[in-house]
Each structure stands twice: as C-alpha cells, then as structure tokens.
Amino acid sequence: MKTTWRLTLALMIALALAACQTTPKPEPVEPTPEPEPTPEVETAPAPDPHDFTDSRNFDNPESLLSKRVIYFDFDKSTVRPEYRGIVSAHAAYAAANSSSRITLEGHADERGTREYNLGLAERRGNAVDGLMSAQGARGSQLVVVSYGEERPTCRVSDEDCWSLNRRVEVVYTAR
Amino acid sequence: MTVNENVKKLLIIIMALLAAQTAYAQLEIEIISGNPGALPIAIVPFQWQEAGPPPVASVDEIVSGDLYRSGLFKPMDAADMVERPVDEESIRFGTWRLLKVDYIVVGSVRTPTDGIGHELIYQLFDVHTQERLLSQVTTVGPGDLRFGAHRVADAIYEALTGVPGAFSTRIAYITATGLGPDQRYELVVADADGFGPQSVVGSPEPLLSPAWSPDGKKLAYVSFEKGNSAIYMQDVATGSRELISSGRGINGAPSFSPDGRKMALTLSKSGNPEIYVRDMATGRLTQLTQHWAIDTEAVWSPDGRYIYFTSDRGGRPQIYRVAPSGGTPERVTLEGEYNARASIAPDGRRIAVAYGRGNEYRIAVWDIENERFTILTPGVLDESPSFAPNGSMVLYATREGNRGVLSAVSSDGSVRQRLILSAGDVREPAWSPVIR
C-alpha cells in the first residue's frame, strides 16, 4: 500500500514536473525553426539610437548618426545649437572607432566671390573639425576640404536654396 | 537695318563660320546699352587682292564689330555705302560728309612678297579736314587674318581715342554644363570678341580662378580634379602643364607678378587662408600675410609695388594692400559692406571689385586717390571683374535667371554688352594682357 502510494506520489510529481517543463519547452524548440522571418531581424535587437559608437545607427533614422549635414547662417561659420548634437554623435563614433576616417566638406552659397567663399566654407569645415576634436576625434581622422560655392545642392537664387547650400557634409571615407 | 538700331537694340552675333574652327559652344555678344555720343565712322570693305577667295567674315566687318562693341564708335553699315573707295585718290570726301560720317577707313588685303600670310594695307582719314590720320601695313601669318583685323581696329581706336586698343587680346573663362554626375567644367580661351573658343582644360570636377601670365602665354588656374583644390600652370599653345601647389587645405587664387617671375597665391596649410608669394624659378614660398582672417584673391598692381587682396580682418571682406616684400597691410576700400576680388586698372589708380550690399552684388570701381566708388552694373549677382588691358572695359560674371553669363561694361558704365553661352554657365572671365 505504502509503496503503491509512494509510487503514485512519485509518478504524480514526475508528471507534474513534466507538465511544468512541457509548457515552456516546446515554445523555443518547436516554433523557433520557422524560416520566414529573417534571422537578422529576430536576433539583432534594435540599436540604441543614442549609442553613437554603433555603426548600425548610420542607417537608423532615429539616431543623430544618420544625419550628416550641418547648416550655417549667411557669412557665418558658427555651428548652431541645434546641430551640436549631430556633431557630437559623429565625434563619439570617431572617438570609439579609431580606424574611421571623416572628410568634412565645407560649402558656401553663391553670394560673394568664389575664392572668398572657399575660405568661408573651409572656416565652416574647421568649426566642425574643432568641435569634433574637442570631443575625442583624433586629428588624423579628420580632413577638411573646402568646395566653396562650387558644389551647390540647389541652383535657385533665393534664400531657401542658399540656406541648403551653406553646409558642412560629414563624409565617412572609412567607418 | 541701320547701325543706329543696333546701338539701341541688342545685336551683333559673332558666328563660328569657319568650318575649320573646333566646335566649342560659341559666345554670343549683344550690346545691352549703347553710347549716344559714339563717333560715326565708315570702314569701307577692304579690297581683296589675294589669289584665293575672300574669307566669309571680311576684315572690315571684324573691324566695324570691334569698334562698335567699344561703345565709342558708330560704324556705318556697308550696305549703306554708296561708294567704295579703296585708296586716298578714290575717296570723294563730300559724299561722306553728306552721309554724316566723321572718319573713313579704306584698305586692301594682299599676299606679302614672300607669299606667306596676309598684308593689310589701310588708311584712316578725318572726313572734315581730309587729313590722313593713319597709314599702315599690318602683316600677319597664315590663318591670322582675324587677328590682323583686330590689330587694325586697335590702331584706329588708338589714333582716335589716344588709348591703345584691346581688340587683339583674348579672354579666358570657365564654363559649367550638365547636371549632377554629368556636370562638366571647361577652361576656355577665346578671342576678345568671343570668336574661336578653345577648351584648354576639361574636368568633371570644378575649375576656377584662371589668371594670365603677363606674356599671355600661360594660364594659372585652380582645379579640384584630385579631390581638393590644386593650382596648375598651363602653356596655352602646347597644353603642357605644371602642378604648382596641392597641399592640405585651400590652394587657390593664383596671380602672376607683372614681370612673371613670381606668383601670389592663397594657401590654408597654416589653418586659415593666407597669401604667399612663390618664386617661379626656385619654387620657394614666402608667407605674406599672417592673420586669423580669410586673406585671399591677391592681385598685383601694374607697377608691381603692391599686392591687393581681400580680407575680412575688419569683420567683413574689404580690399587691403601690402608690399610684395611684406609689411603691415593697409585697408584700401573704405566704403561699403562687402568688397572683394579686386582687378586693378592698368593705370593703377582704380580697382574694380564685387561690391555687395544685402543680397545684391554689383561691379564697382574704387578710385584709390579720391576714395570714391562708382557703381558700374545693375546687379544682382555680379562678380569676378576683370579690366581690359587698356582699361576701357571691365569684363565680369553675372546671372540671368538661373544661369551664369558674362558681361562687359565700359569703365564709365555707359556701355554694356553681354556674352552668352548657348548652353550652361559661363563664369570667371579673365582678360588677357596685350599680346604683341
């Protein structure tokens, strides 16, 4: 009797344990080998948009690292407060990825003379270079190239267009 | 079509009629505003005495076109000439007085005795006094008949104004055609009347700042072909070229000294743009300016005593000057909020600049002695002034709609003409020195 009871008890415990285990077990084992969703999406967690050392953020529209143009006021080379975050993001990436190389392409709008605008556009590139260097990017990682007014993104003679042309483009030559 | 109409309205189209000419896009020249006080002159068709057929563009047409475009002359249309004298004996001055012509030129073209090239024999008379003011023979090589005609125009211009003509000179300019990846830049050299454009450099990357050597044989310019600005010097006739500077930062704004032995240029290798002087024989560089500001667009005074340049050391761009040996720069332009890219008149007394006010940029001339501006052009995005080697005109770049065109304005502002490329932008004209 006693043994039978014991056996029954043991069986019940075993069964109960088995039951407890079966519920979570089939979940990872059985539905996982589904081939439809690409494993990349499943396995890689979304990058933290504020992790500027993560190169996946270059293509993440949520991240400042995906933004690579800084705009300027007329005849000015001061980085406006709203663009400092973008500059800091790239500085952080450069600081964490010492093999990365960045060309800062300076541009000006069409107003004023071409050679003076070469100087002005370089000054803009230097302003971004200075901020990035202060935040940990190494001098060897950054090159400033001034295009002056020679490479406009837009060719209409009005302020809307000019404001788009007064810019520094952050171009990665190595990530 | 009378010449009077010409002066009022827009005209004169110089065409690439010679089949032999390379077919680069031709500049069209139009007179935008004329001079009512222009001198009436008759350039009688030159008698063609050579064996072959006469050229399509005749010598007298080229001479008339040159004089007309100067704004100082009102050449008579050949179709209105009731008589066509070829020498002094055949001129009936009374007829020309009735036609209200003040001056008359007669001449002929013949093959020199050695059989090579052309000889242009011509005479200039005052119709009223019947005085002979000029009697010359100009000899040019084969294929240089147009050049010879420009030389005739130069001589007539000088005889009647006291100032040497600048018609037998050339202009260099940059063209930009196509968009995006098809964008193409060319450095083009053409006769001063826009004829015979020849591309001397072509690149998918920007070209800018052409500058002539004082002998008119070389051009220095800036090219981005290596991904950054670099200065090259090129022989116009042979096309051979030399890399002058391609260091880190800006390599820009080349300008030859009047003796051709030195070149001023802008380099930002120190961290910001400074003017340097390069010895062309040794390649040795001397730094001329030392300031945190943008110092650029250096240009030599004709006597070589000063280098004028643009600097924003006072807050906004203004013209300064300094001795080529160094020293403390002094500010030259004392009025206006934005004055840049000086071109010095051959007399050294006036400088043409891009004069900016708000969003409007015009060409203005600063009288150095009298410290006064004269605004020459209506704007609104005028830049790159370049004085003619005789100081009579200033060539500059402007925009019409969204395209770049060239214009020339007489140095008193009374006459303006426009040089339009059939497609694309034209910019950064540089007028050559007188080629002898």
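Computed quantities for the displayed model
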| item | result |
| --- | --- |
| Test for A:T78: is it surrounded by fewer than 24 Cβ atoms within 10 Å (Cβ to Cβ), within 22 Å of B:I294 (Cβ to Cβ), hydroxyl-bearing (S, T, Y) and more than 14 Å from every other protein chain (Cβ to nearest Cβ) | yes |
| Counted residues, segment A:140-172 - those being facing chain B (nearest Cβ under 9 Å), under 22 Å from B:N251 (Cβ atoms) and not charged (D, E, K, R) | 6 |
| Residue match in segment A:93-106 (condition: surrounded by fewer than 24 Cβ atoms within 10 Å (Cβ to Cβ), within 9 Å of chain B (Cβ to nearest Cβ) and without any contact (Cβ under 8 Å) to a residue 60 or more places away in the chain) | no |
| Failed criterion for B:I275 (all others in (1) within 20 Å of B:V365 (Cβ to Cβ); (2) more than 10 Å from chain A (Cβ to nearest Cβ); (3) in contact with an Asp or Glu (Cβ under 9 Å, 6 or more places away or on another chain); (4) in a strand (DSSP E or B) hold) | (1) |
| Condition broken by B:Q290, with the remaining ones in (1) more than 29 Å from B:P389 (Cβ to Cβ); (2) within 13 Å of chain A (Cβ to nearest Cβ) satisfied | (2) |
| Test: residue in segment A:54-65 that is polar (S, T, N, Q), in a loop (DSSP other than H, G, I, E, B), assigned by TED's automatic domain parsing to the domain that holds A:E169 and within 14 Å of A:A137 (Cβ to Cβ) | no |
| Residues located in segment A:132-168, provided they are in contact with a Leu (Cβ under 6 Å, 6 or more places away or on another chain), in a strand (DSSP E or B) and not small (G, A, S) | A:V144, A:V168 |
| Residue satisfying condition, being in the same structural domain as B:H291 (by TED's automatic domain parsing), part of a loop (DSSP other than H, G, I, E, B) and more than 18 Å from the chain's Cα centre (by Cα), within set B:E205, B:E242 | B:E205 |
| Subset of segment B:257-269 that is away from chain A (no Cβ under 14 Å) and in a strand (DSSP E or B) - its residue that is nearest to the chain's Cα centre (by Cα) | B:M263 |
| Those residues of segment A:99-131 which are at pLDDT 95 or above, more than 16 Å from the chain's Cα centre (by Cα) and not in a helix (DSSP H, G or I), in sequence order | A:S99, A:T103, A:L104, A:E105, A:G106, A:H107, A:A108, A:D109, A:T113 |
| Hits in segment B:122-143 - residues which are of a type in the set (A, V, I, L, M, F, W, C) and either crowded, with 20+ Cβ neighbours inside 10 Å or under 25 Å from the mean Cα position of the chain (by Cα) (or both) | B:L124, B:F125, B:V127, B:V140 |
| Residue, surrounded by the fewest Cβ atoms within 10 Å (Cβ to Cβ), within segment B:155-178, restricted to residues that are more than 30 Å from B:D425 (Cβ to Cβ) and in contact with an Asp or Glu (Cβ under 8 Å, 6 or more places away or on another chain) | B:P164 |
| Residue match in segment B:407-424 (condition: in the same structural domain as B:L187 (by TED's automatic domain parsing) and within 21 Å of A:Y116 (Cα to Cα)) | no |
| Residue list for segment B:387-425, filter: within 14 Å of another protein chain (Cβ to nearest Cβ) and in contact with a strand residue (DSSP E or B) (Cβ under 6 Å, 6 or more places away or on another chain) | B:Y396, B:A397, B:T398, B:R399, B:R403, B:G404, B:V405, B:G424, B:D425 |
| Residues that are in a loop (DSSP other than H, G, I, E, B) and surrounded by 14 or more Cβ atoms within 10 Å (Cβ to Cβ), drawn from segment B:299-322 | B:S301, B:P302, B:G304, B:Y306, B:D312, B:R313, B:R316, B:P317 |
| Conditions (1) closer than 30 Å to B:A397 by Cα; (2) away from chain B (no Cβ under 14 Å); (3) assigned to a loop (DSSP other than H, G, I, E, B): number failed by A:I70 | (3) |
| Spans of strands (runs of 3 or more DSSP E) in segment B:334-436 with at least 1 residues without any contact (Cβ under 8 Å) to a residue 60 or more places away in the chain and among the aliphatic types (A, V, I, L, M) | B:338-344, B:350-357, B:360-367, B:372-375, B:393-400, B:403-410 |
| Meets criteria (away from chain B (no Cβ under 14 Å) and surrounded by fewer than 24 Cβ atoms within 10 Å (Cβ to Cβ)) for A:R84 | yes |
| Failed criterion for B:V380 (all others in (1) under 19 Å from B:Y306 (Cβ atoms); (2) touching a strand residue (DSSP E or B) at 6+ places or on another chain (Cβ under 8 Å); (3) surrounded by fewer than 19 Cβ atoms within 10 Å (Cβ to Cβ); (4) not polar (S, T, N, Q) hold) | (1) |
| Test: residue in segment B:161-181 that is of a type in the set (G, A, S), free of Cβ contacts under 8 Å to residues at least 40 places away in the same chain and closer than 30 Å to B:E131 by Cα | yes |
| Residues of segment B:204-229 classified as under 24 Å from B:S168 (Cβ atoms) and either within 14 Å of chain A (Cβ to nearest Cβ) or charged (D, E, K, R) (or both), total | 7 |
| Test: residue in segment A:118-132 that is surrounded by fewer than 21 Cβ atoms within 10 Å (Cβ to Cβ), of a type outside the set (D, E, K, R) and free of Cβ contacts under 8 Å to residues at least 24 places away in the same chain | yes |
| Pairs, first free of Cβ contacts under 8 Å to residues at least 60 places away in the same chain in segment B:88-111, second assigned to a helix (DSSP H, G or I), C-beta under 9 Å, six or more apart | B:L99/B:D80 |
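The rows are residues; the columns are (1) away from every other protein chain (no Cβ under 14 Å); (2) in contact (Cβ under 8 Å) with a residue 60 or more places away in the chain; (3) crowded, with 24+ Cβ neighbours inside 10 Å.
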{"site": "B:I231", "(1), (2), (3)": "no, no, yes"}
{"site": "B:L243", "(1), (2), (3)": "yes, no, no"}
{"site": "B:I250", "(1), (2), (3)": "no, no, yes"}
{"site": "B:S255", "(1), (2), (3)": "no, no, no"}
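The values are calculated or read from the model by the stated rules, or taken from the named source; none is laboratory data. Everything numeric here is computed off the predicted structure, so don't read it as measured data. Counting neighbours? That spans all protein chains shown, and the Cβs are built from the backbone with ideal geometry, glycine included.
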